[in-house]
Structures are given as C-alpha cells and as structure tokens.
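Peer 1: Quick one: the structure is below, questions incoming.
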Amino acid sequence: MTRAAGDAAFSALGDANRRAILELLHDGDRSVQEIADSLPISRPAVSRHLRLLKDAGLVTTRSEGTRRIYRLDASGVDAVVEFLGEMWGEASVRFRLVADNTTDRTT
C-alpha cells in the first residue's frame, strides 16, 4: 500500500458513518438508497461518504439501470489488513523483547 493510498484509506475509516457503510457492504452489494435506508443520515450524505470510500479504494461501483450498486473492493480492504498485520507484527515483536528483558523488581 502506498503512503497516499494508506492515508486515504485510514482517513476514510476515521468516520463512523463510513465504517457503518463498510459493515453494510460486508454483507453484500447495496444501492445508495438501501444504504441510506439503513443509516440515520440522508441519501446525499451517503453518496458523499461512498465517493470518499471509492476514492480511498475501499469500495467499487457498478450501474444497474439508474441505480449505482456498491460493493467492498477486496484489494483495498486487503491492503489495509496487510498494513495492519505488518504493523502489529512489528509491535508484537518489540513487546515480546521488552517483556522478555524486563525483570520483576517486586520479588
């Protein structure tokens, strides 16, 4: 994941409404109206959130007649998961080193 892509993805994930949209899309593809019907925000607000998620590479869209159907973009989601896995892997190694090299001074 490039730095710019990572910044966009994590910025997009920073909003509770966008995370809620991703949770809805986790269960399957949905139209803008279906997403709006499931959230306490307006349809135009959902469209703005979806545009940001799409720009961040976390969702894709297709047209079905006049409807726009959104789905999770597996490659974008996988990149975020991979990034977090790498960061957690490094952090867990550092944590283990500290834990293994810290003596209990209370005994």
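Peer 1: For a quick check of your reading of the model, give me the residue pairs whose first member lies in segment 66-85 and is farther than 11 Å from Ala56 by Cα, whose second is among the polar types (S, T, N, Q), with beta-carbon atoms closer than 6 Å and at least 6 apart or on different chains.
Peer 2: Within 6 Å, the pairs are Arg67/Ser31; Arg68/Thr61; Ile69/Ser31; Tyr70/Thr61; Arg71/Thr60.
Peer 1: Mind checking whether some residue in segment 53-64 is surrounded by 15 or more Cβ atoms within 10 Å (Cβ to Cβ), free of Cβ contacts under 8 Å to residues at least 24 places away in the same chain and part of a strand (DSSP E or B)?
Peer 2: yes
Peer 1: Examine segment 44-51 for a residue that is open to solvent by less than 80 Å² (accessible area, probe 1.4 Å) and under 17 Å from Phe10 (Cβ atoms), and state whether such a residue exists.
Peer 2: Within segment 44-51 (the criterion being open to solvent by less than 80 Å² (accessible area, probe 1.4 Å) and under 17 Å from Phe10 (Cβ atoms)), the answer is yes, since at least one residue qualifies.
Peer 1: Confirm whether Asp100 is surrounded by 10 or more Cβ atoms within 10 Å (Cβ to Cβ), out of contact with any strand residue (DSSP E or B) (no Cβ under 7 Å at 6 or more places or on another chain) and of a type in the set (Asp, Glu). Please lay out each step first, then the result.
Peer 2: On the way: surrounded by 10 or more Cβ atoms within 10 Å (Cβ to Cβ): no; out of contact with any strand residue (DSSP E or B) (no Cβ under 7 Å at 6 or more places or on another chain): yes; of a type in the set (Asp, Glu): yes.
When the stated conditions are applied, Asp100 does not pass them.
Peer 1: Let me ask something else. Might you let me know whether segment 9-19 holds any residue that is assigned to a loop (DSSP other than H, G, I, E, B) and loosely packed, with under 10 Cβ neighbours inside 10 Å?
Peer 2: yes
Peer 1: Looking at segment 31-39, can you tell me whether even one residue there is surrounded by fewer than 17 Cβ atoms within 10 Å (Cβ to Cβ), in contact (Cβ under 8 Å) with a residue 24 or more places away in the chain and over 21 Å from Thr66 (Cβ atoms)?
Peer 2: The answer is no; no qualifying residue exists.
Peer 1: Let me ask you something else. Which of the residues spanning segment 40-52 are within 15 Å of the chain's Cα centre (by Cα) and touching a residue at least 12 places away in the same chain (Cβ under 8 Å)?
Peer 2: Taking segment 40-52 and keeping what is within 15 Å of the chain's Cα centre (by Cα), we get 49-52.
Hits for segment 40-52 are His49, Leu50, Leu52.
Peer 1: Just to be sure I understand the filter: pairs with C-beta atoms under 7 Å, separated by 6 or more residues or on different chains, first member in segment 12-27 and polar (S, T, N, Q), second member assigned to a helix (DSSP H, G or I) and open to solvent by less than 40 Å² (accessible area, probe 1.4 Å). Which pairs pass?
Peer 2: From residues that are polar (S, T, N, Q), the pairs are Asn17/His49.
Peer 1: If you scan segment 20-40, which residues turn out to be over 17 Å from Gly76 (Cα atoms) and aliphatic (A, V, I, L, M)?
Peer 2: Selection gives Val32, Ile35, Ala36, Leu39.
The values are calculated or read from the model by the stated rules, or taken from the named source; none is laboratory data. Just so you know, these numbers come straight off a predicted model, no measurement behind them. Heads up, the Cβs are rebuilt from the backbone with ideal geometry, glycines too, and the neighbour counts pull from every protein chain shown. When the accessible area is computed, the model is the full protein with side chains, heavy atoms only, and any ligands, DNA or RNA have been set aside. Shrake-Rupley method; radii C 1.70, N 1.55, O 1.52, S 1.80 Å.
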